[in-house]
Every structure is written in structure tokens, then in C-alpha cells.
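Student: Can you keep this structure in mind? I'll have questions shortly.
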Amino acid sequence: MSNETAHAKGTETSSIVLSLDGRTLLTRGGDDTVKTWDIRAFKKPLYTLGGVTTMYPGMNAIWSPDEKFVVVGAGTPPSGNGSPAGGKLMFLRREGLTVADEVQMNSCVVKVIWHSKINQIFTSHADGSIHILYSPHTSTHGAKLLNRQRDKRAHTIEDA
């Protein structure tokens, strides 16, 4: 089974992820699109979202742990008025690939990983930085351990 026209010719397909049910395929292409496919009818995508700026060939797309959302990073090219390039993390509804939420970032988000057990999202960026997003209420361990250790430290005169 193949689809030679899944994304625009001359561009790279940088992400291919199969859902847990084994029926839905998620792809991201260098043509600035994210698509979902029913692999039983692989000729036409179920949903397509365009305008997801792909500035680097390795940019990925992932399913959320419950697979209700697609998570994808996007770049914002520098504007003509001198503002620097930025980025955003997009949360798309599985049905329709509509934007449910966006988180603005200082740099283009290249890779995204969502650790389901500790409920934390890790992102790597074009400027070399790594960010960890977590919920103070539902996340466990990971980045939350750093905050707990900092809070337990004895206050000294330098803290004043």
C-alpha cells in the first residue's frame, strides 16, 4: 500500500505515526500540512490542516496519550519589520484537525514528545533550548521534582 501524493512532490514527509487502534495514520509534510488518514481507504486523507509552518525537515507530529488530540510544533518566520522568528505548540482536535489550543514559544518547536505516565510534554527548539510543559495538578515526578527540591531548600540571607 502506498500513496505517492500524500504530500506535495519535492517535500519531505517528516512524521508518520499510527494510532493505537491501528486504523488512523498521522502524517506531517514539508508542504506545511498535517493530515490524518484511514489506512483502509488510503487514497484520500480524512482531514487536512494547512498553514502549519515547517521550517526544518525533522519537525514531527504526535498523538496525545488519549489520542483525542494531535500535537504539532510550528515555526513563525521572521517578519519584515525586524521581529525575530518564533514558534508555537499547537493542539489539534483529532476530528477535523481544528485548533483546540496554542502555546506561543520563543523559538520554532522542532520535536515534541508527550510522556503519558508523568503527563509532561517535552519540546526541543531551533535555538537549542528544551522546554518541559506540565500541569501542577495532574503531572507527576519529572519537572515537578525540581520545583519540590527548590521549595524545600532552607532560605538563607542571600534569598532576602
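The values are calculated or read from the model by the stated rules, or taken from the named source; none is laboratory data. These figures come from a predicted structure and were not determined experimentally. Here the Cβ is made from the backbone with ideal geometry for all residues, glycine too, and neighbour counts use every protein chain on show. Accessible surface areas use protein heavy atoms only, side chains included; no ligands, DNA or RNA. Shrake-Rupley method; radii C 1.70, N 1.55, O 1.52, S 1.80 Å.
Student: Once you charge only the Cβ atoms, +1 for Lys and Arg and -1 for Asp and Glu, what is the size of the charge dipole of segment 18-93 about its Cα centre, to the nearest 20 debye?
Tutor: The calculated dipole for segment 18-93 is roughly 200 debye.
Student: Using the eigenvalues of the Cα gyration tensor, what equivalent ellipsoid semi-axes result for segment 71-131 when each is taken as the square root of five times the eigenvalue, whole Å, largest first?
Tutor: 22, 16, 7
Student: Here's another thing I want to ask about it. List the equivalent ellipsoid semi-axes of segment 30-93 in whole Å, largest first, each obtained as the square root of 5λ for an eigenvalue λ of the Cα gyration tensor.
Tutor: Value: 26, 14, 9 Å, ordered largest first.
Student: From Cα coordinates alone, what are the radius of gyration and Dmax values for segment 1-144 in angstrom?
Tutor: Rg, Dmax (Cα atoms, Å): 15.5, 47.
Student: Give the carbon-plus-sulfur fraction of the accessible surface of segment 28-106 in %, rounded to a whole number; probe 1.4 Å, heavy atoms of protein chains only.
Tutor: On segment 28-106, the fraction of accessible area on carbon and sulfur atoms equals 55 percent.
Student: Could you give the accessible area per residue of segment 1-64, probe 1.4 Å, as a whole number in Å²?
Tutor: Each residue of segment 1-64 exposes 54 Å² on average to a 1.4 Å probe.
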